[in-house]
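So that we are looking at the same thing, I have put the structure below in structure tokens.
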Amino acid sequence: MKSRRMLGLVLALVCVGAGTGLLVSRLRAHPPPVSAIVVSALMQEETVPYTATASLSMPYQGRMVKSTISIIHSHDAEKISRPSKGDGPWSIKDARGSCAYCPKSNRLVVNRWSSMLTPEERGRLLLANYDPRYEGSERVAGRDAYVIELVPKHQGRASKKIWVDVHSQTVLRSIDRSCDGEERGMEITDIHYTAGADKAAFTPHPKAGAKTLISCKPADPTTLDSKVGVHVTLPAYIPSGFKLEGRHLFTPPCGCCPICGQLTYTDGLCVISVFQSRPDTKCTSTCCGPKAARPGTYRATCCGITGSGRITRKDKTIVVIADLPPTELRKIAESVK
Amino acid sequence: MSNCRTIQNLLSDYRTDLLDERERAQIESHISECPDCARELELLDSVLSLVENNTPLCEPPAGLWNGVYNRITDPTPRRARLGGWFLTPVHAAGVGLAALAIIVGLYVSGPRPQVVGSASMAPADDYVLAHALYAGQASITDRAAYLTYVATPSDSGVPN
């Protein structure tokens, strides 16, 4: 009788163990809907308000630069500032653009942009060009997060790994790998979800006497040429998967460079900017980037954020900026007629 | 539109939804009574299905549209073609030789685009910052680049 009971108990334990194992394996076999999470994370800017502290790391001139920033995020607006002994620099952005303030130069640079793609279209483009792979879950800043790797479908493209808050779809951590394999990262170390921030938090308050410069604004294709002074043409070559997203008029803050037409392309994750202007033979400022040695030459540079290529021709200057291999940047620049 | 030849000429348009309601109704009424035309439609259907199921959807290269766009929006009028004059063999040969001489001349002595320094490190310039600010407008999209604009210490060389 006793042995029968023991046998029954053992059988029951085996059944419970098998059931638990099956349940766990089924849960593991059914990861969350990764594509939906990625798209939701892409659009979360408009939904979940929070305040956070984040640390950034990026390679710059052969060393790793680290920084701490604070973020106030409310619906479609975001303020990012760098804590400093005095007033640190800050930037405020919303769906229409951004303004960035530098206390050192007391300069407020305003950018307004128009996107030809809706967030949904951006999401679709992202999924068409990147394969989101679920890699499990981890805890970041005390929150449960899905770990998702965005693997590019095209060779030689940048990739990204994101840690997305399970409950709010906020991107808590990200590692960006450039096309040449260099990594830069952002990690939220402390986050508090809120009901929303006061509008005053997103009102720019530069110091008295600040110089305001409207650097970038949406451009009408019919008047862009006359404002820039050259025919702003679409490059004949753009890497596959990228779509034209915007046309802008860019005024370089140096004040001596000619006004540019800025065309922007995106593959859902990365952006290519193609600037075109009259030949900038007079500008001597280094803030506009290193100049080509003489007309007809191509110059490639890399600043740690992204790569850029510049052609100075007799009729126009072309600057291409993107996180793409130098050969691709050159091909794009040279395909501009 | 009752004879079979007319109907069969319209079958491919019918199959690809290019006809208006009235024409569609006429074709459907004819096919219900004419086994020959019904068979013709069936055959067309099977051929088109085979093509649709086995041909991958291809997008034209971005360059194709860009080239067309640039030509449409180019403000400078294109030159008239040299039609009749160019057809004369002597002239054509002369133009060909002249073009060859120009190409050789340009190749031997003319300035050619060249790379000045390969991917040298340089401070972030205004173009890069404008690009970074634009690229960082979405939460996932290149946000680190956007954050860097505000967050990088000034002693690193990035102006802020």
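Read-outs throughout are calculated quantities, based only on the coordinates presented, and are distinct from any laboratory measurement. Treat the numbers as computed from the prediction; the structure is a model and nothing was measured. Cβ placement follows ideal geometry from the backbone for every residue including glycine, while neighbour counts extend to all protein chains displayed.
Send over the semi-axes of the stretch B:4-54's equivalent ellipsoid, whole angstrom and largest first, taken as the square roots of 5 times the C-alpha gyration tensor eigenvalues. Write out the running numbers ahead of the final one.
Details: eigenvalues 70, 36, 13 Å².
So the equivalent ellipsoid measures 19, 13, 8 Å along its semi-axes.
Charges at C-beta only: +1 for Lys and Arg, -1 for Asp and Glu. How large is the resulting dipole of the stretch A:103-191 about its Cα centre, in Debye rounded to 20? Walk me through the intermediate numbers first.
Details: 15 positive and 14 negative charges, 85 e Å.
The calculation lands at about 400 debye.
Here's a follow-up. Work out the length of the dipole vector of the stretch A:50-207 about its Cα centre, built from +1 on the beta-carbon of each Lys and Arg and -1 on the beta-carbon of each Asp and Glu, and round it to the nearest 20 debye. It would help to have the intermediate numbers written out before the result.
Values: 24 positive and 19 negative charges, 131 e Å.
Here the stretch A:50-207 has a charge dipole of around 620 debye.
To continue, here is another question. So how strong a dipole does the stretch B:4-54 carry about its Cα centre when Lys and Arg Cβ are +1 and Asp and Glu Cβ are -1, to the nearest 20 debye?
Details: 5 positive and 12 negative charges, 26 e Å.
For this selection, approximately 120 debye.
I need A:His75, A:His192 ordered by Cβ neighbour count within 10 Å, fewest first. Working shown, then result.
Details: A:His75 15, A:His192 10.
Placing the least packed residue first, the sequence is A:His192, A:His75.
Another question, if that's okay. In whole Hz, with x marking every Gly and Pro, tabulate ³J(HN,Hα) for the stretch A:253-261 from phi via Karplus 6.51 cos²θ - 1.76 cosθ + 1.60, θ = phi - 60°.
Residue by residue, the stretch A:253-261 yields x, 4, x, 10, 7, x, 5, 10, x Hz.
What residues have an amide H closer than 5 Å to that of A:Thr317, excluding those fewer than 5 places away on the same chain, when H is modeled at 1.01 Å from N in the peptide plane?
A:Ser277, A:Arg278, A:Asp280
Among A:Arg157, A:Arg112, B:Arg39, B:Arg5, which comes first, then next, by fewest other beta-carbon atoms within 10 Å?
Working: A:Arg157 24, A:Arg112 15, B:Arg39 11, B:Arg5 7.
Ascending Cβ contact count within 10 Å gives the list B:Arg5, B:Arg39, A:Arg112, A:Arg157.
Let me ask another. For the stretch A:170-226, what D do you get in µm² per second when you plug the Kirkwood radius from alpha-carbon pairs into Stokes-Einstein at 4 °C and 1.567 mPa s?
Values: Rh = 17.0 Å.
Translational diffusion coefficient: 76 µm²/s.
Compute from the Cα atoms of the stretch A:132-249 the Rg and the Dmax, the latter being the longest Cα-Cα distance, and quote both in angstrom.
Answer for the stretch A:132-249, Rg first and Dmax second: 20.6, 54 Å.
Under 25 °C and 0.890 mPa s, how fast does the stretch A:45-151 diffuse according to Stokes-Einstein, given a Kirkwood radius computed over C-alpha pairs? Answer in µm²/s, whole number. Before the final figure, lay out the partial values.
Numbers: Rh = 16.8 Å.
It comes out at roughly 146 µm²/s.
On to the next question. So for B:Cys4, A:Cys102, fewest C-beta neighbours within 10 Å to most, what's the order?
Working: B:Cys4 12, A:Cys102 20.
With the sparsest Cβ surroundings first, the list reads B:Cys4, A:Cys102.
Quick one: 3J(HN,Hα) in Hz for the stretch A:269-276, Karplus 6.51/-1.76/1.60 with θ = phi - 60°, rounded, Gly and Pro as x.
Result, rounded to whole Hz: 10, 9, 10, 10, 10, 10, 9, 9.
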